[in-house]
Amino acid sequence: MIDCIFCKIVDGVTHAEITHQAEEIIVFKSIQPRAPVHLLIIPKKHVLSIKELTEEDRNLTSSLIYTAKEVAEREHLPGYRLAFNVGRAGGQVINHLHLHLLGGWKDGELTEV
Ligand code: AMP
Ligand code: ZN
C-alpha cells in the first residue's frame, strides 16, 4: 500500500472532516486552514500532482473543478480562490493531487495573488 495520508483519508484509515463524497472525489476540511473556508478537493485515485497527469486524467481534473463550483455554491461563497500547488517548488507538501478551495473572507480582506 502507498504510504499517502490522503489515500488513508480516502480509505477511512485516517480521520478527516469530510464534507462531500462522490464516485471519484472526496472533499474535506484542511487541517491548517489558510482562509475562513478552506476545503481540499481530491481524486480518490492516487495521482501525485498536476505534473504527473496523463491523458486519461483529463475528465478527472474537470470533475475536481466542477465539484469545487458545486461545493462553493453549497457553502454560499460569493467568491473564492482555487489553487493547485505543483511540486515542492510550487509549495506542494502532500504528494496526492488536491485542489484548494479558499473563501469566506470579508470584503477587502483578501490580498491579490
Ligand atoms: P499543499 O501545500 O498544496 O500540499 O497542501 C496540503 C494541504 O493539506 C494543506 O492545506 C494542509 O493543511 C492539508 N493537510 C495535510 N494533512 C492533512 C490532514 N491529515 N487532514 C486534512 N488536511 C491536511
Ligand atoms: Zn494518495
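The values are calculated or read from the model by the stated rules, or taken from the named source; none is laboratory data. No experiment lies behind these values; they were computed from the predicted model shown. Ideal geometry is used to build each Cβ from the backbone, glycine not excepted, and the neighbour counts take in all protein chains shown. Just the protein is used for accessible areas: all its heavy atoms, side chains included, with ligands, DNA and RNA removed. Shrake-Rupley method; radii C 1.70, N 1.55, O 1.52, S 1.80 Å.
Inside segment 72-92, can you point out the residues that are assigned to a helix (DSSP H, G or I), open to solvent by less than 70 Å² (accessible area, probe 1.4 Å) and within 15 Å of ligand 1 (Cβ to nearest atom)? The one that is assigned to a helix (DSSP H, G or I), open to solvent by less than 70 Å² (accessible area, probe 1.4 Å) and within 15 Å of ligand 1 (Cβ to nearest atom): G90.
For T67, the requirement of being closer than 16 Å to L99 by Cβ, in contact (Cβ under 8 Å) with a residue 40 or more places away in the chain and part of a helix (DSSP H, G or I) is met.
Within segment 1-36, the set of residues being open to solvent by less than 60 Å² (accessible area, probe 1.4 Å), under 26 Å from W105 (Cβ atoms) and of a type outside the set (V, I, T) comprises F6, A16, H20, F28, S30, A35. When L102, L97, L39 are screened for being in contact (Cβ under 8 Å) with a residue 40 or more places away in the chain and either assigned to a loop (DSSP other than H, G, I, E, B) or loosely packed, with under 13 Cβ neighbours inside 10 Å (or both), only L97 passes.
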